[in-house]
Amino acid sequence: MNDLAVVLASLRARRLSTAITAGSVAIAVALLLTMLSLRKSGFEAFQRGSGNTHLLVSADSSPLVAVLNGVFYANPPANPISWEKYNEIRASFPYEWAIPTQHGDSFRGFPVCATAPEFFSKFQPVRGEPWKLAEGRYPEKSFEICMGSAAAAGTGLRLGQQVRLTHGAGSDHGHEHTEYPYTVVGILEPTGSAHDRAVFTDLDSTWILHAHDRREHEGIEGMTTAADLTDADRKITGILLRLPTRPGSDASAAIQQQFDALRRDTAITVAQPAQQIDRLRGIVGNIDGIFIALGVAVLVSSGVSILLALYNSMAERRRQIAVLRAIGLSRGRVQGMIVTEACLIGLVGAITGVALSIVGGALAAAALKARIGLVVQPDIDPRATLIVLAGAVLLAGLASVLPAILAYRTPVADNLRPAA
Amino acid sequence: MTHALRMQDLRFRRPHGFGLHVPSLEIAAGEMVLLAGGSGAGKSTLLWLVAGLLRADGGTIEVAGQRIDAMRESDRDRVRARHIGLVFQTHQLLPDFTAEQNVALALMASGEPERTHLSRARDLLRALGVERTGAHVTDLSVGQQQRVAVARAIACRPVLVLADEPTASLDAESGAVAMDLIQRACREAGAALLCASHDAGMQGRFQRVVDVRTFVREEVAR
């Protein structure tokens, strides 16, 4: 016989209490690890969307707003960029590509992005992961649309169906462009970025819609065609720019130089998406700290439950402790058994919590991808896991201090007397 | 070593109760002594003093040739684990353990190799007539539980067995059987026995009777 056998027998004797206490530790550890894991994958999810763009040009009020609007479709950009300015910027430097985008319309609350064909052939929504079609093809002619995966799932649209877009974003009640129906020609694979919520079309058809509105106000009747477009109609809200790089590299020494050059133009706002996303992470990081603190609070409360479970069992243990002391076990050794028991509960709970967070994280990630197309890859950091494991065991050990002191002070002779 | 226990000028008092003064008490190796006296006379207190579970206010207590009164508590624990066996009125077996585990518990601090604990416990139990050594003690009859308690007391090959009212909760016939068992086990183990009992009918079983009332000193308490 050894001390561990006595501890295990004690745990077995209080199976239900042991299981409930270990379960509370497991839930706390799983919660904390899941938060840590999602924090990391959440930050990675932020990086998705700007893809292989080096610079983003818009007429928004600040670079952060430009990225929020241009990459995350937060709001329709308020100020347009003229087609002339686009051509001027494109010609100012030998960019690898300069893709114009126009945001502002929507379909059932899903934002519409009008763009050039290069958006699908050259821009990658996630670096190293080009667009893939789930069904159909990319828009080739005017008044054709291609649906992001979440937009397709959210609207239930199928290939060949016709839709009418709404002026303005995020509302079903704006002015509907009824004269010009669009045909769904493609549905995209999920990318795990905000683009999955968007509906894509070409620039010409968007310009025609708005030119038609203008012409109606001017009292000009009849359908509007591309031939009726004026330079003023050709407006965009963003330009995605990529500079030439060496093969296999995403970096270019000219990015900062070109960023500074474009910044001198006061008519536009230029942003390096990666930098702005880092700023965004800094802001969100504070909120994330609150969640981590909550997870730690849950872990501490599970420590309290260990303390209560042990404390409540002390009355029935006194006789056992007295017997162990009577047969020669020292106070310290009996005290050590109580601490070991608590640490074992903490360890078993923590290991179960790690397993729960791995299984739960995988299930949650699969559900998020299947339901809303959000790609979150739970990634449990071994170092963080070890720290949480050690923390749970340490906390359990601390929780056992008071019961261990009670065990230490148990009067042997008094507890060996037969019950009256 | 000729004495299992030797006490000289032992003094002990409770804050609000009686006091004990034992001028001299010696128990030879293998000797069987009855500690007589009514309930509350101080028999158990004297046993706990000998076991080192209570600390005397003065005097000397020597168990197996070692002065336990001068020892630190942890050393007294060690002497108790290696040289003293205890039998209680209500057996005090641990219900979460099997019969053999209850006996093996007494070897945990005895210094005997851990690998021998369970086999020695089984041998002892079988020698005392307990065949279901792997059964939980709560599944055994009261008589079998008594045997397990006796096996636990002699497991560490003690020099001295202290029995506190081992038959108080039994009828006369069962009490006699239990006492036979304890004395036989002590004899076979070569251990001295100091048995506290208020049952005057047991006096004939012992080589010597010591009345604890001769040790009670009210003035010590004052």
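Radius of gyration (Cα atoms) of the stretch B:26-98, expressed as a multiple of 2.2 N^0.38 Å: 1.22. Only beta bridges with both residues in chain B are counted; by DSSP, about 50 percent of them are antiparallel.
Once divided by 2.2 N^0.38 Å, the Cα radius of gyration of the protein assembly as shown becomes 1.66. Result for chain B in a Gaussian network model with C-alpha springs under 10 Å: among B:V142, B:V50, B:V33, the largest mean-square fluctuation is at B:V142. Can you give the angle from 0 to 90° between the axis of helix B:114-127 and the longest principal axis of chain B, with both taken from C-alpha atoms, to the nearest 10? So the helix axis and the longest Cα principal axis differ by about 90 degrees. Evaluating 6.51 cos²θ - 1.76 cosθ + 1.60 at θ = phi - 60° for every residue in the stretch A:300-309, the Karplus couplings come out as 5, 5, 5, x, 5, 5, 5, 4, 5, 4 Hz, glycine and proline recorded as x.
Report the antiparallel proportion of the DSSP beta bridges in the protein assembly as shown as a percent, rounded to a multiple of 5.
Values: 48 of 74 bridges.
Around 65 percent of the beta bridges assigned by DSSP in the protein assembly as shown are antiparallel ones.
Estimated purely from DSSP H runs of n ≥ 4, each contributing -39500 (n - 2.57), the mean residue ellipticity at 222 nm for the protein assembly as shown is -15500 deg cm²/dmol once divided by its residues.
How much FRET efficiency would the formula 1/(1 + (r/R0)^6) give for A:A384 and A:L4, where r is the Cβ-Cβ distance and R0 is 41 Å, rounded to 0.05?
Numbers: r = 29 Å, r/R0 = 0.71.
For A:A384 and A:L4, the calculated efficiency is 0.90.
Please find the FRET efficiency linking A:R214 to A:A253, where r is the Cβ-Cβ separation and R0 is fixed at 45 Å, and quote it to the nearest 0.05. It would help to have the intermediate numbers written out before the result.
Details: r = 44 Å, r/R0 = 0.98.
With a Förster radius of 45 Å, E is 0.55.
Can you give the accessible area buried between chains B and A, summed over both chains, with a 1.4 Å probe, in Å² to the nearest 100?
Values: alone 10260 and 20590 Å², together 28460 Å².
Approximately 2400 Å² gets buried when B meets A.
With a 10 Å cut-off around each Cβ of A:326-337, the average count of Cβ atoms from other chains is 6. When chain A is treated as a GNM, springs tying every alpha-carbon pair under 10 Å, which of A:P80, A:P273, A:P111 comes out with the largest mean-square fluctuation? It is A:P80. Of the residues B:H198, B:H136, ranked by 1.4 Å probe accessible area with the largest first, the sequence reads B:H198, B:H136. Between A:D381, A:D204, A:D196, the GNM of chain A built on Cα springs shorter than 10 angstrom shows A:D381 fluctuating the most.
In straight-distance terms, cross-link reach from A:K132 covers every one of the lysines whose alpha-carbon lies under 22 Å from its own, apart from those fewer than eight places away in the same chain; here that gives A:K122, A:K141, A:K369. Under a 5 Å amide H cut-off, with hydrogens placed 1.01 Å from N, B:D211 pairs with B:A36 among residues at least 5 apart or on other chains.
So for the stretch A:55-271, considering every pair of alpha-carbon atoms, how many percent are separated by more than 30 Å?
Numbers: 5044 of 23436 pairs.
Roughly 22 percent, rounded to a whole number.
Taking the stretch A:79-114, which GluC sites (Glu not before Pro) meet the DSSP loop condition and have no more than 16 other C-beta atoms within 10 Å?
A:E96
The values are calculated or read from the model by the stated rules, or taken from the named source; none is laboratory data. Small disclaimer: the values here were computed from a predicted structure and weren't measured. Here the Cβ is made from the backbone with ideal geometry for all residues, glycine too, and neighbour counts use every protein chain on show. These area figures cover heavy atoms from the full protein model, side chains too; ligands, DNA and RNA do not enter into them. Shrake-Rupley method; radii C 1.70, N 1.55, O 1.52, S 1.80 Å.
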